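Student: Structure in structure tokens, see below.
The values are calculated or read from the model by the stated rules, or taken from the named source; none is laboratory data. This one's a predicted model, so the numbers in the text were calculated from it and none came from an experiment. So basically every Cβ, Gly included, is an ideal-geometry build from the backbone, and we count neighbours across all protein chains shown. With ligands, DNA and RNA removed, areas are computed over all heavy atoms of the protein, side chains included. Shrake-Rupley method; radii C 1.70, N 1.55, O 1.52, S 1.80 Å.
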Amino acid sequence: PYQLMHSEKPAKIVQWFAEECNNLIHRQTQIFPDRFFGIAGLPQPAGEPIAIAVNELVRCVTELGFKGCLLNPDPYENSGTQPPAMGDRYWYPLYEKLCELDVPAHIHGTGSRADREPYTLQFINEETTTVFGLVNSSVFEDFPNLKIIVSHGGGAMPFQIGRFEAGTIRKGAKDPSQLFSSRMKKLYYDTVLYTPEAVEFLIKVIGAEHCLFGSECPGTGSQIDPRTGRPLDDVAPSIKSIPWLSDADKDKVLAGNAIQLFKLDAKAAAKGKARAAE
């Protein structure tokens, strides 16, 4: 994701680059159909209408058989210009099309042009801001079937949930369904976290039904932890070792939720699961 370069000019090169990357992804899904399915990288040139991204989403889903897309909440890539908040109507044509096609969007930042915030910190900040913006907006009232996955466990949000829970109470939320913690569960969160404690805390706060197994391939966490001798991004053992999590819920996090959310072929997924176990 950090190579999508959404803030580059002219806008046409952002569009062309994303389109060609998606064509290459499609070729890989054809070569390894029982291992990969396509997720589109959207062309989101900073400052341009969202229609460019919508058109590529439609192409990827209807012509290439893709199952979803990446969505960057800050196409300006931390360059000093503020992007529209995720509850802003700028994004509504994309939300509408995601619901129409019935595919999820996976929130993930791209690069960062600020020395103070390297791209790996920009990711976390944008994911945190995205959760805040969506939960405190009317997006899920306007698009009740919208499916959004947030990378890296929702950034800092699970750890700061009390701060924002207080905000909803202060504004008069008396129905438990209107509390920030409840509205957070309209989103899904991946487990790309690098300590067992963080993975366990995410699942405890959000619930197994809203967490999807994720790792790196490779990425920031692909380093050997000298304390364990295993890569920090070897996340599956962290999920499997949670003592209070039932086997059924472990299966949901490791595979079941993704199969349902992306509408995958369960038989093909079972083959992949068996291969992973080997």
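Student: Counting only the backbone N, which residues of the range 128-145 are under 15 Å from the spot 7 Å out from the Cα of S177 toward its beta-carbon?
Tutor: 140-145
Student: Could you tell me what percent of the accessible area of the range 132-278 is made up of carbon and sulfur, with a 1.4 Å probe and every protein chain present?
Tutor: Solvent-exposed carbon and sulfur of the range 132-278 make up 56 percent of the total.
Student: Taking the Cα centroid of the range 244-258 and of the range 149-173, what is the distance between the two, rounded to the nearest whole Å?
Tutor: Measuring centre to centre over Cα atoms gives 24 Å.
Student: Taking the Cβ of E209 as the center, what net charge do the other residues with Cβ under 11 Å away carry, scoring Lys and Arg +1 and Asp and Glu -1?
Tutor: In short, +1.
Student: Given a 1.4 Å probe and every protein chain left where it sits, what share in percent of the accessible area of the range 40-124 is carbon and sulfur? Walk me through the numbers on the way to the answer.
Tutor: On the way: 1700 of 3500 Å².
Carbon-and-sulfur percentage of accessible area, whole number: 49.
Student: With only Lys, Arg, Asp and Glu charged, each at its Cβ (+1 for the first two, -1 for the last two), find how big the charge dipole of the range 40-110 is about the Cα centre; round to the nearest 20 debye.
Tutor: 80
Student: Right, here's the next one. Kindly identify the range 1-87 as rounded, prolate or oblate by the Cα gyration tensor criterion: order the square roots of the eigenvalues as a ≥ b ≥ c, call it rounded if a/c is under 1.5, otherwise compare a/b with b/c, prolate if a/b is larger, else oblate.
Tutor: Prolate is the answer for the range 1-87, as a/c is 1.5 or above and a/b outweighs b/c.
Student: Quick check for you: which residues of the range 205-236 have the amide N under 16 Å from the point 7 Å beyond the Cα of Q260 toward its beta carbon?
Tutor: 206-213
Student: OK, next. Per 5 Å bin from zero, what fraction in whole % of the C-alpha pairs of the chain is there, up to the bin with the longest pair?
Tutor: Distribution as computed: 1, 5, 12, 16, 19, 18, 15, 9, 4, 1, 0 percent.
Student: Suppose a student asked you for the relative contact order of the range 71-222, using Cα pairs under 8 Å spaced at least 6 residues apart; what percent would you report?
Tutor: 20
Student: For the chain, what's the relative contact order in percent, using C-alpha pairs closer than 8 Å and at least 6 residues apart?
Tutor: That works out to 13 percent.
Student: Then there is this: Label points 7 Å out from Cα along the Cβ direction at S138 and E20: separation in nm?
Tutor: Taking the simple label geometry, S138 and E20 are separated by 4.3 nm.
Student: Quote the charge dipole size of the chain about the Cα centre in Debye, to the nearest 20; the model charges only the Cβ of Lys and Arg (+1) and of Asp and Glu (-1).
Tutor: Computed charge dipole of the chain: roughly 400 debye.
Student: Considering only protein heavy atoms, what per residue accessible area in square angstrom results for the chain with a 1.4 angstrom probe?
Tutor: 51
Student: Considering the options P218, L193, P45, tell which one lies farthest towards the positive end of the dipole of the chain, charges being +1 on Lys and Arg and -1 on Asp and Glu at the Cβ, about the Cα centre.
Tutor: Highest projection toward the positive end goes to L193.
Student: Positive end of the dipole of the chain, charges at C-beta (+1 Lys, Arg; -1 Asp, Glu), about the Cα centre: which of H6, A236, N78 has its Cα farthest in that direction?
Tutor: It is A236.
Student: Given labels modelled 7 Å from the Cα in the Cβ direction, how far is it in nm from R170 to Y92?
Tutor: It is 2.8 nm.
Student: Take the alpha carbon atoms of the range 51-102, find their center, do the same for the range 192-229, and report the distance between the two centers in whole angstrom.
Tutor: Comparing the Cα centres of the range 51-102 and the range 192-229, I get a distance of 26 Å.
Student: So how much accessible area does Y2 have, in Å² to the nearest 10, using a 1.4 Å probe?
Tutor: 110
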